[in-house]
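Down below is the structure, laid out as structure tokens.
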Amino acid sequence: LVLPVDLHGMPDFNIPTDKAIAEKAAALILDDLSNVYSISQLAAEVGTVPHRLRRAFKKRHGESLTVFSRKARMEKAKQLLLETNNTLQVIAETMGYSEGNNFHASFKKATGQSPGEWRKKAWEADSN
């Protein structure tokens with residue numbers, strides 16, 4: 001077992017665990033769904049390297065950072081579609097999509113329906 005050392009050659013016991021790394025990354029993603037982090041940015045934020053972050057996250061959450069982020073963004077988009085009258089463009093921008101077409105395609109891929117179709121059906125179901 002080789003421990004990391006600090007600047008004085010002493011063992012550094014302040015290395016975050018894989019669990020802590022994965023949880024902090026998830027919290028960062030969920031706290032600001034409009035910010036689409038790169039793996040490098042997220043790794044720097046949680047104090048590790050991209051490879052370790054990817055591995056720790058997948059082990060802890062059972063899916064990649066990309067899939068986790070996309071699912072979280074789509075769930076928030078559904079909430080906004082259901083609970084607000086915001087335009088699809090405003091919702092797309094809120095979710096970090098600079099192009100409405102990209103949001104539309106991602107939403108349709110995730111749900112099988114366009115955002116407008118999903119909203120209409122959700123509102124109809126909610127009114128019954």
- Local net charge near K76, Cβ-Cβ under 15 Å (Lys/Arg +1, Asp/Glu -1): 0
- Item | Interatomic Cα distance distribution for the chain, bins of 10 angstrom, percent | 12, 35, 26, 16, 7, 4, 1
- Message: Could you compute the net charge surrounding S64? Neighbours are other residues with a C-beta less than 9 Å from the C-beta of S64; K and R count +1, D and E count -1.
- Response: +1
- Kindly report the accessible area of the chain per residue (heavy atoms of protein chains, probe 1.4 Å, no ligands, DNA or RNA), in Å². 65
- Task: Leaving ligands, DNA and RNA out of it, report the carbon-plus-sulfur percent of the accessible area of the chain at a 1.4 Å probe.
- Result: 53
- Task: Name the long-range amide H neighbours of G47: under 5 Å, sequence gap of 5 or more, or other chain; modelled H, no Pro or chain starts.
- Result: none
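The values are calculated or read from the model by the stated rules, or taken from the named source; none is laboratory data. Note that this is a predicted model, so its numbers are computed, not measured. Counting neighbours? That spans all protein chains shown, and the Cβs are built from the backbone with ideal geometry, glycine included. Each accessible area value is taken on the protein alone, full model and side chains, heavy atoms only, with ligands, DNA and RNA left out. Shrake-Rupley method; radii C 1.70, N 1.55, O 1.52, S 1.80 Å.
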